[in-house]
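Below: the structure, in structure tokens.
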Amino acid sequence: MCGLAVACGPAPEAGEEASGAPESRRDPVVYGNDDRTDVYAHPNATLRARAEQSTVALMNPSDYTIASDGTVTFNASSLGTAYNLCSGQRFMNDPTPAFCSGTLIDDDLVLTAGHCITSASACTNTRFVFNFYRTSATTLRAVTRDDIYACTSIVARQQATVAGRNLDYAVVRIDRAATPRFTPAPIRPGKAALPAGTSVTVIGSGSGIPFKIDSGGSVRDARASTLDYFVATTDTFGGNSGSGVYENTNYTVAGILVRGETDYVTQGTCRVVNTCAENGCGGEDITYVAPAVELYCVVAGSLRLCGSATPPPTTTFTYTASNTSNASTNTTNRTVTLAAGQTLYFGTCTLTGATGTGDTYLRVDDASGAAVASNDDSCGTLSFGQFTATAAGTYTLRAGCYSSGSCGGTVAYVIR
């Protein structure tokens, strides 16, 4: 599975993806036995339903052709050809059109990895394809134009280390409601860490192929002190980026698959699946779902996800500035008071009312004047960040510009 910097392509391996952009980390791997199972063959009815009703493959429009009768054919090499696999490898005849995976979480919302859709232009060129799975060992489920949805906007996204938390997620809006034809997957409630040893399932298009269900993984490291991502032993591959990761008790989405180990290794003149011991290698990194839902509920609204159809109101102020040395001098300031556990969201983008021109830079200082949070380029040259107070106190939100440049705009902020 591809790293943080780019969307995962099905054909390229470590170091490059379909757009030619470099990866920033490892690709995934099989731990112990290869537990990937085709949807039709999986014994659990609830997990089959999650695959059939809630899972999407992310593709580019060039990855498929729609005939005049609405039927879809996929324009992609087989897995064996795309990866030069040795004979006897699994799923060799599967097509590989998907570059990432995702999960329907509301009528018109898809959850995926932040590095799968990085910009408005990437959104415009992304399609979400339902029903991409096998109904038998030799048959793909028929996909029609009605099963393909366009990306209209990125509603909430992070792909960065924010306040010490390494986050990688995106919530995107599609061009029409997918319900009632399809069913949103339930989100795991609360923010508690998944205990080590918890059984988890991944559903998605590893290496770009039709959906596979891997229910043989378990949590290796909960990262309970940061609650940004957990590490698990899932059998996941390039194209699984953005896949929904379910806890195996109530089958709710607990995370988003984002990083992992190398998936294929050379054996003579061809390649085979890389296999690690169940307790070996580095594990697969899975962003907790809670930060994605929290940010979505700050910037938008949903009865299903947030309990309210409207986001909380923001406070705004305008500014113009120059020569602020990364918002450390000559800034426009606002004082905010936070209780322990409260989070301040702030930006010249993302939040309602936020705007900006130039290269904005926002910073939060504590009462002593030390910076506790900052952001430069969350949205191109505009800024969005967040800070969670560990103790009650008064903080200063400072609006400035990158380096010695000039900029301005409207800063919006909200406390939750």
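The values are calculated or read from the model by the stated rules, or taken from the named source; none is laboratory data. Since the model is a prediction, treat every value here as computed from it, not as a measurement. FYI the Cβ positions are ideal-geometry reconstructions off the backbone, even for glycines, and counts take in every protein chain you see.
Miscellaneous remarks
- Cβ pairs under 6 Å, 6+ apart, first in the stretch 167-183 and more than 10 Å from I105 (Cα to Cα), second basic (K, R) and modelled with pLDDT under 95: A170/R157
- Residues of the stretch 221-235 that are under 24 Å from Y264 (Cβ atoms) and surrounded by 19 or more Cβ atoms within 10 Å (Cβ to Cβ): Y229, A232, T233, T234, D235.
- Those residues of the stretch 60-89 which are over 27 Å from the mean Cα position of the chain (by Cα) and more than 21 Å from D263 (Cβ to Cβ), in sequence order: I66, A67, S68, D69, G70, T71
- The set of residues in the stretch 57-94 that are closer than 23 Å to C123 by Cα and of a type in the set (F, W, Y) comprises Y64, F74.
- Where strands (runs of 3 or more DSSP E) sit wholly within the stretch 49-146, those with at least 1 residues that are farther than 30 Å from Y296 by Cα and either in contact (Cβ under 8 Å) with a residue 40 or more places away in the chain or in contact with a Ser or Thr (Cβ under 6 Å, 6 or more places away or on another chain) (or both) occupy 64-66, 72-74, 134-136.
Quick grid of which residues meet (1) surrounded by 22 or more Cβ atoms within 10 Å (Cβ to Cβ); (2) assigned by TED's automatic domain parsing to the domain that holds R176; (3) aromatic (F, W, Y):
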| residue | (1), (2), (3) |
| --- | --- |
| G88 | no, yes, no |
| G102 | yes, yes, no |
| A122 | no, yes, no |
| F128 | yes, yes, yes |
| R134 | no, yes, no |
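- The stretch 333-368 - residue that is assigned to a loop (DSSP other than H, G, I, E, B) and either among the aromatic types (F, W, Y) or in contact with a helix residue (DSSP H, G or I) (Cβ under 8 Å, 6 or more places away or on another chain) (or both) and, of those, surrounded by the fewest Cβ atoms within 10 Å (Cβ to Cβ): T352
- A113 satisfies every condition listed in (1) in contact with a helix residue (DSSP H, G or I) (Cβ under 8 Å, 6 or more places away or on another chain); (2) aliphatic (A, V, I, L, M); (3) under 27 Å from R173 (Cα atoms) except (1).
- The stretch 289-332 - residue that is touching a helix residue (DSSP H, G or I) at 6+ places or on another chain (Cβ under 6 Å) and modelled with pLDDT of 95 or more and, of those, nearest to L227 (Cα to Cα): V293
- The stretch 107-116, subset over 13 Å from G239 (Cα atoms) and buried (at least 24 other Cβ atoms within 10 Å of the Cβ), residue farthest from the chain's Cα centre (by Cα): V110
- Yes/no for L397 being surrounded by fewer than 24 Cβ atoms within 10 Å (Cβ to Cβ), touching a residue at least 40 places away in the same chain (Cβ under 8 Å) and within 25 Å of P311 (Cα to Cα): no
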